[in-house]
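Please read the structure below before turning to the comments.
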Amino acid sequence: MSALNNSIPSFPNHVTIGVDMVATIFRYVSILAAAFVGLYATFLGLLTTPSFQAHVVYLHKIQMTWFKDLDVPETFGFLRNQVTPFYLETSDAEKLHAWHILPVELYRKHELALLQEPVGLVSDITSRLAFKLLREDPEARLILHMHGAGGTVGSGYRVPNYRALSAGQPGKIHVLTFDYRGFGRSSGNPTENGVLLDAFTVVDWAINTAGIPPSRILIFAQSMGTAVSIAIQNQFAQQNPPVVFAGAVLVAPFVDAVTLVSTYSVAGTIPILSPLTRFPTLFKSLQSFVRDKWSSKDRIAQYVRANEANGEKYHLTIIHAEDDYDVPWSHTPELFWYAVNATSSTGIGLDELGEKRSESSIDLGAAGSVMEWRTENGVIREEILKTGLHDLIMGYPVITMAVMRIFQAVDPSFTC
Ligand SMILES: *[C@@H]1O[C@H](CO)[C@@H](O)[C@H](O)[C@H]1NC(C)=O
């Protein structure tokens, strides 16, 4: 025994304690890791259920305007009666809460009369001065606004967005914004088909109730709203006879929901599903559970093809900031390619587009770069900003410019 003791020197006591501690820590870390994996697995399991999935995709219960009354738009920074809150009803009996927003110069001209009207929710919007100013002015333009996931019509960064949309012609450009089913004060729960019916209801209101022809309507959309707007534009362009709007400005779009979830990180740092891309079989099977596909890449291609075939004029502007941590900006060149590819019956390869890009893309330095693809019928424009994040960008002057560029392309006399 003593010989053995002598030949194998015993470790000093503190080292033994150290090894014990490492073992203990390791055990806790393993338990934590197992708990985390368990939670993650539960989360993935929940994700396969449609209602949980809807909450993750649409974030419609994340209001961000809880302590404010959406029927008192003044508390969101508007002038008294600059905004008319009202409800639209869908054909499946959902009630959509909407705001009609007057541009500031038009408001100034009619300030006294507007101040005299009652405030708050309006049951018959057609009786209001603001509505008449929209319907009875043959030069009025209307922007249909389709917001992104989460929040309501009044969420912070959306209010400066409305101002930017009207800023180029503040006597003429009205904005109609609404909450999809399940968002804000709107009834129901969001699904792809349901939200599309909501967008249809809004377009129908604009054309048939407000009496604005499609050539004076522009669609602005951001993030999830871009998927809605591309789908609804495609739906109208496929009608017989086709209905094509003045154009669309799409900010921070994504090619489809599956690609989005596989690249999405919460706050740009915590990946949700991208760890799974290492397990292709599991990832594929999870993808098949994605209920609402929102395939913008296919729909934008169908939309462009329909317009090229019908000889309809169309204007698409896609804008994305390189520092967008929610939806990676790489979605935009890809979507742009799907749109451009659809302008030719034989398609445009990525190589060919790349060559065109190096020839005709305009480098604006710190402001980013712009690329346009023109055909006899359409203009597809891509603007990549260096900065602007996911939401802040909506209040930037590039938005005002994009709106004016489209309205003026349709009607060169539309100036201040
Ligand atoms: C590009 O267009 C061609 C011709 O219409 C089509 O066959 C091809 O599938 C398109 N490619 C993509 C990626 O959409």
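A few notes on this one:
- Output for the stretch 227-262, where each listed residue is farther than 19 Å from HIS147 by Cβ and aromatic (Phe, Trp, Tyr): PHE236
- Qualifying positions in the stretch 106-120 - farther than 20 Å from ARG135 by Cβ and surrounded by 15 or more Cβ atoms within 10 Å (Cβ to Cβ): VAL119
- Hey, VAL340 in a helix (DSSP H, G or I) and closer than 26 Å to LEU218 by Cβ or not: yes
- Consider the stretch 319-342 and keep the residues that are aliphatic (A, V, I, L, M) and within 16 Å of the ligand (Cβ to nearest atom). The one that is nearest to the chain's Cα centre (by Cα) is LEU335.
- Verdict on GLY168 being at pLDDT below 95 and either over 20 Å from the mean Cα position of the chain (by Cα) or not in a strand (DSSP E or B) (or both): no
- Entry remark, the stretch 75-84: residues being surrounded by 15 or more Cβ atoms within 10 Å (Cβ to Cβ) and in a helix (DSSP H, G or I) number 1 in total.
- Residue match in the stretch 284-296 (condition: within 16 Å of the ligand (Cβ to nearest atom) and at pLDDT 95 or above): yes
- Tally, over the stretch 303-316, of residues that are surrounded by 18 or more Cβ atoms within 10 Å (Cβ to Cβ) and either aliphatic (A, V, I, L, M) or within 16 Å of the ligand (Cβ to nearest atom) (or both): 7
- Within the stretch 339-356, residues that are farther than 16 Å from LEU316 by Cβ reach partners that are within 11 Å of the ligand (Cβ to nearest atom) and hydrophobic (A, V, I, L, M, F, W, C) with beta carbons closer than 9 Å, at six or more positions or on different chains, in the pairs LEU350/TRP337; LYS356/VAL340; LYS356/ILE348.
Results for (1) assigned by TED's automatic domain parsing to the domain that holds SER229; (2) part of a strand (DSSP E or B); (3) among the polar types (S, T, N, Q); (4) at pLDDT 95 or above, shown as yes or no for each residue.
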site	(1), (2), (3), (4)
PRO328	yes, no, no, no
GLU352	yes, no, no, yes
VAL370	yes, yes, no, yes
GLU383	yes, yes, no, yes
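- Boolean, PHE254 is surrounded by fewer than 17 Cβ atoms within 10 Å (Cβ to Cβ) and either touching a residue at least 60 places away in the same chain (Cβ under 8 Å) or under 25 Å from LEU196 (Cα atoms) (or both): no
- Index of the failed condition, SER345 passing every other in (1) more than 16 Å from the ligand (Cβ to nearest atom); (2) not in a helix (DSSP H, G or I): (1)
The values are calculated or read from the model by the stated rules, or taken from the named source; none is laboratory data. What you are looking at is a predicted structure, and each value in this text was computed from that prediction instead of being measured. Counting neighbours? That spans all protein chains shown, and the Cβs are built from the backbone with ideal geometry, glycine included.
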